[in-house]
Amino acid sequence: MCLFKKEKISAVLVGLIQAGAVVAYCALVSGFFFFLLHSGSGFQPEAFWGPLIMLTLLVFSASVMGIIIFGYAVVLALDNKLKIAGKVLLWTLIFLIALGACLIAIALLV
C-alpha cells in the first residue's frame, strides 16, 4: 500500500495492478489444484479432510481477495479521498471483467 500512497499513480494503473493480482492469485490456486490432481500420489482426501481443506481455502481466498480488491480503496476512503477510492474500485472491477473475458476467450479457443 505504501507504494501507491507515496507516488501519484493513476486510478487506472492501480486498478490494472489489482486486477492482475487477482488473476495471478487465481492462477496460483488453480495451479495448486492442477498439481494435486496430476501428481503421482493421487491425492484423495478422506471425507473429513476434503471439506475442511476446501472451506479453509475458501475463507483464506475470500480474505485475500477482499484485501486485494478493497484494501487500497478503503485506505483512500479513510483519508477522505472518496472520489479516488471509487475510481480505483471501479477500474479494478472493469479490468477484472476484461481479464476474465480474455481468459474465457482463450479457454474457448484452446
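Every number here is computed from the coordinates shown, using simple stated rules; none is lab data. Bear in mind the structure is a predicted one, so any value in this text is a computation, not a measurement.
What to note about this one:
- Only helices enter this figure: runs of n ≥ 4 DSSP H residues, each worth -39500 (n - 2.57), summed and divided by the residues of the chain, yield -29000 deg cm²/dmol at 222 nm to the nearest 500.
- Taking Phe60, Phe48, Phe95 in turn, the Gaussian network model of the chain (Cα-Cα springs below 10 Å) assigns the largest fluctuation to Phe48.
- GNM on the chain, alpha-carbon springs under 10 angstrom: the most fluctuating residue among Leu13, Leu89, Leu37 is Leu37.
- Prolate/oblate/rounded call for segment 10-109, Cα gyration tensor, a/c under 1.5 rounded: oblate
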